[in-house]
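What follows is calculated from the coordinates using simple rules that are stated; it is not laboratory data. Quick caveat, the model's predicted, so the values are computed rather than measured. Cβ sites come from the backbone with ideal geometry, for glycine too, and all protein chains shown count toward neighbours.
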Amino acid sequence: MWGLLIGTTGAVIVSLIFNREKTWKGIKSGARMFINLLPPFITVLILVAFVLTLLPKEILIQLMGEEAGLTGFAIAAVLGSISLIPGFIAYPLSAILIKNGLGYPVIAVFITTLMMVGIVTLPLESKYFGWKAAVTRNLFSLTGALIIGVAIALLWKII
Amino acid sequence: MENNMKKCLFKHRWDLIIIGVFAVFIIISFAAGFDFGIRTVNNFIDSFIEMIVLIPLMFILIGLFDVWVPKEIVEKHIGKDSGIKGILWVVLLSMLQAGPLYGAFPVAYILWKKGASVRNIFIYIGAFSTLKIPMLSFEIGYLGLKFSLMRTLFTLPVFILIAVLMEKIFGKNFEIKQPDSDKKD
């Protein structure tokens, strides 16, 4: 948190020293992205707030917590594969889920499938690669995401 | 300017409606002492405060990143090299960009047209979807450096392997098409 504040301030100062105009342009484009993100971001927070109230912590942990094992991975993989959430929203959302008792490996599966597997975008992808290659790539990516989750689960406590 | 604002409001109309309804929900919940509502609102406020502090800082960083990084230089090298150097250029290019997975497909088509190998095209897609620097800054900010490093280190070999497999399966006659809707540009 403080690191980010110091890092950002430092970056702005260095950038200002080199080029005032470019810095202003960069900050403006960043602000524009932020304003564009705000409405969907707040919507997701609202939905998550409802889910967390309706679905008590114990049940969430039972379904996707460390004890849930592969069931949790499977749920995370399905959620990640079917949803279209930008990373800007997925990471804060993951942080909330971790605060509510989920483990990092499950989150890794969710994040990786979210980024590499796209069921909703499959028709679009097939227009570029053809159905066979698009489906194969998605299946490989899904398998890969589960492997990454297992690898992180095995190493998380050791390192 | 005013036109832009209208466009922005229209684009987010569903989100804005949900936010509006939620605002009414907050008022009613507190006025009526509705327990479920109050708990939900508290959940919302907790996560909102925690999240909203970091995000503007990150977008300033991303904006600066955007104006300072010369993508054109990297793009020039794509397609020329096919060995390890080619892979490095492809990964570098993908890390400098931003956007969702489906934003990678048009670039994949351009790479293919420029003569990049099937393997490098799929490495690009893997790297684009998981290693974008703006995204990594978000990941480190919210989930910590340990998680981000671990995920990145495991993901790298996985998508290189996927790319190698894709080339093995589809290599010889693989063709990337351009959907009709993009042909204009």
- Message: Whole angstrom only: what separates the Cα centroid of the range A:1-28 from the Cα centroid of the range B:21-46?
- Response: 38 Å
- Put a dot 7 Å past each Cα toward the Cβ at B:D35 and A:L47; how far apart are the dots in nm? 2.8 nm
- Item | Label-reachable residues, the range B:140-180, where backbone N falls under 19 Å from a point 7 Å from A:L4's Cα toward its Cβ | B:140-152
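Of the listed pairs A:K25/B:K113; A:K132/B:K113; A:K99/B:K146; A:K127/B:K11, which have alpha-carbon separations greater than 22 Å here?
Cα-Cα > 22 Å for A:K25/B:K113; A:K127/B:K11; rest within.
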- How many percent of Cα pairs in the range A:55-156 exceed 23 Å? 26 percent
- Classify the range B:2-53 as rounded, prolate or oblate from the Cα gyration tensor: take a ≥ b ≥ c as the square roots of its eigenvalues, call it rounded if a/c is under 1.5, otherwise prolate when a/b beats b/c and oblate if not. oblate
- Length-normalised contact order of chain B in % [C-alpha pairs under 8 Å, at least 6 apart]: 17 percent
- In this model, which of B:K6/B:K132; A:K28/B:K132; B:K7/B:K177; B:K114/B:K168 are farther than 28 Å apart at the alpha-carbon? B:K6/B:K132; B:K7/B:K177
- Query: Across the residues of A:20-28, average count of Cβ atoms on other protein chains within 10 Å?
  - Reply: 4
- State, as an integer percentage, the relative contact order of chain A based on alpha-carbon contacts under 8 Å between residues 6 or more apart. 19 percent
- Item | Exposure proxy order (Cβ contacts within 10 Å, fewest to most) of B:E167, B:E139 | B:E167, B:E139
- For A:I75 and B:K6, FRET efficiency with R0 = 41 Å and r from the beta-carbon atoms, rounded to 0.05? 0.50
- Going by how many other beta carbons lie within 10 Å of each one, how would you line up B:R119, A:R32, B:R13, A:R137, fewest first? B:R13, A:R32, B:R119, A:R137
- The residues A:W2, B:W14, A:W156, sorted from fewest to most surrounding Cβ atoms within 10 Å, come out as A:W2, B:W14, A:W156
- Message: With a 10 Å cut-off between alpha carbons and a GNM built on chain B, which of B:I62, B:I140, B:I19 moves the most?
- Response: B:I19
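Residue by residue through B:127-140, how many Cβ atoms from other chains fall within 10 Å of the Cβ on average? Spell out each step's value before the answer.
On the way: counts 0, 2, 8, 10, 1, 2, 0, 4, 7, 2, 4, 9, 6, 3.
Across B:127-140, the average partner-chain Cβ count within 10 Å equals 4.
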- Message: Beyond 19 Å, how much of the Cα-Cα pair distribution for the range A:1-68 remains, as a whole percent?
- Response: 62 percent
- Message: Run lengths n ≥ 4 of DSSP H only: what is the helix-derived mean residue ellipticity at 222 nm for chain B, with -39500 (n - 2.57) per run over all residues, to the nearest 500?
- Response: -25500 deg cm²/dmol
